[in-house]
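Okay, structure first, notes after.
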Amino acid sequence: MVKRLAVAISIIAAVAPLAAQAPVPSAPVLVAQQSIPIEKPDKLDDWAKLFVSGQWGDLQSDVRKTLDSSQFGRAVGSNPTALIHKFNFRENYYRIMFLSTFRRPEGELFQFLVYDPSLPPFSNRLPGVKQLFDVFLTTVPDASLKTSYLSTQQSNPLLEKIPAFFKMIDLAQLAKLDFLQLHPNAAPATLFIHISRVNLPFDRASIAISDEASQTAPLDSGKLITNSAALRDDLSLRTARGSRCATLVASCLDEAIQDELGSGAGVICSLPRLTAAEVAECAQAPIQPVRLQCQIVKRMKHAYDEVVGKAADCPPGTGQDFRPVVEVEEAFKNLVAASAKTVQAKKDATYENVPLEHVSLGALATVMLATSGDTRIKMDSGKLVSDPLTGTLAAAVVNYHPRAFDPKSLEITPGERFRLFGGVAVSPEFGLVAGIGYSLWRGVSMNLGVGALRVNTFKRGDTLDPMSNTPKNPKDPFRDGFAGVAFFGFGYNF
């Protein structure tokens, strides 16, 4: 019975992992959009710096503190009563994503898992969950994110080890025994939070994730001021050279930009300020870079109209060629248009979704400390003689870890270290064993246990007395007996 059962299990375990699995897509479903005020507008850049500098613990702690659900007072969107997602870092795993330009001006997408207690640094392993939350963070309301998931189911490595486990056991000998076994108006220092739920089809899978994010970068006032002055000087030497009107237009357009950004002295051109209506019109733009661009463009229009319409260097009715003037204006318009650029980045990642394990397979190589029970005997020159159980005991065991563990964690965890075990002794005799073990290193443990071994013992009427130790039935001199053993030694995991 045992032999047939064990062989069947071995065949199933060997064949099952061979089945090919096709990737199954998962679509993130938006469940909430929220916003909170933050003290530092560059909070996301700070997180990016913690990430690239390897300060994982500080990063995890600050993200959890910032997203503390007690801070959320409203949802983002047209519906003020929309559901607020309550972050629970002890029950849910969150994949955090955001764009940062602190290291790459063209934009860089960061993504990492957050959980409480903190995960191993830069972990990409999930403990067999069927649900994950994506959290896209931005300080710019026009940001967008596209994400795709592909899950490929993986075989259970424990099943793959079963054939080797049963190979340790001589099933023919064992069979002698009868065992049975979204998009609002932005305010400075506001963090917009987009939360999506991802239902994962398999609790044991390799997950390929592709993210693509884009957003308007904050307008760099200092860079625009520098580039405007450089463009003014370049145009004066080239496009505007020989045209006093074009040269003056270049100077006044630069002054309009400098003055609107709070840098210009305003001593060359007498430029009118924006009217209240114009400021209000620009304030309707949803994001800061577009609002500031709007104001600069209107200020430049005032400068152009003022110079071309009133300046003595641009007299009307003289037939002057205004082509250089138009080209100067166009060059400044292009400069301002490019000042609030869109940054975007793609990032591919592979995650492992693997259930935490309670069971592992192993082998024991131990020393027997004490024995009890039936006397083990053997035949020697036709006589029954004692054959005591001494020396080593080897066994194939199943380990049970009361506290689940990840066998591929970077460092061995307490759950992996401590185990209870039970199994089959394979030498010096077959039997059952059980005990406790503690791993010193991954894959190697110290074990203390007891066992009941099947031994050859003498039949009724036979004796080990040297004067009468000839068995009554020399062709079948033994009966099954059982000896108890206590042992201590090393264990090895498959």
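Listed here are the pairs K378/K475; K301/K333; K130/K346; which of them are more than 19 Å apart at the Cα?
With Cα atoms farther than 19 Å apart: K130/K346.
How are the Cα pair distances of the stretch 226-340 distributed, in percent, across 5 Å bins from 0?
Taking all Cα pairs of the stretch 226-340, the binned fractions are 2, 12, 23, 24, 19, 11, 6, 2, 0 percent.
So, counting K/R as plus one and D/E as minus one, what does the shell of residues with Cβ under 13 Å around I38 add up to?
After counting each charged neighbour, the total is -3.
Hey, how much of the P(r) for the stretch 357-493 falls beyond 23 Å, as a percent of Cα pairs?
Every Cα pair in the stretch 357-493 considered, those over 23 Å come to 44 percent.
Quick one: what are the phi-derived ³J(HN,Hα) couplings along the stretch 134-148, Karplus 6.51/-1.76/1.60 with θ = phi - 60°, whole Hz, x for glycine and proline?
8, 10, 9, 10, 7, 9, 10, x, 8, 5, 9, 9, 10, 9, 10
For the stretch 447-494, which trypsin sites (Lys or Arg not before Pro) are both in a DSSP coil and crowded by at most 14 other Cβ atoms within 10 Å?
Within the stretch 447-494, the qualifying trypsin sites (Lys or Arg not before Pro) (loop, at most 14 other Cβ atoms within 10 Å) are K459, R460, K472, K475.
Over the residues of the stretch 270-329, compute the C-alpha Rg and express it relative to 2.2 N^0.38 Å.
Compared with the compact-globule rule of thumb, the stretch 270-329 sits at 1.39.
Above 19 angstrom, tally the Cα pairs of the stretch 414-494 and express them as a % of all pairs, no decimals.
Across the stretch 414-494, Cα pairs with separations above 19 Å total 53 percent.
Fully extended, how many nm does the chain gain between W441 and K223 (0.36 nm per residue separation, minus their Cα-Cα distance)?
Computed gain between W441 and K223 is 72.9 nm.
With N denoting the number of residues in the stretch 343-407, provide Rg(C-alpha) divided by 2.2 N^0.38 Å, to two decimal places.
Ratio of Rg to 2.2 N^0.38 Å for the stretch 343-407: 2.35.
Lys and Arg at +1, Asp and Glu at -1: add these up for the other residues within a Cβ distance under 14 Å of L271 and post the number.
-2
State log₁₀ I(q)/I(0) for the stretch 293-376 at q = 0.23, 0.24, 0.26, 0.27 Å⁻¹ as given by the Debye formula over alpha-carbon point scatterers of equal weight, solvent excluded.
-1.19, -1.23, -1.30, -1.33
We did not get these values from a lab; they are worked out from the coordinates using the rules stated. What you are looking at is a predicted structure, and each value in this text was computed from that prediction instead of being measured. Glycine also receives a Cβ, built like all others from the backbone with ideal geometry; neighbour counts cover every protein chain displayed.
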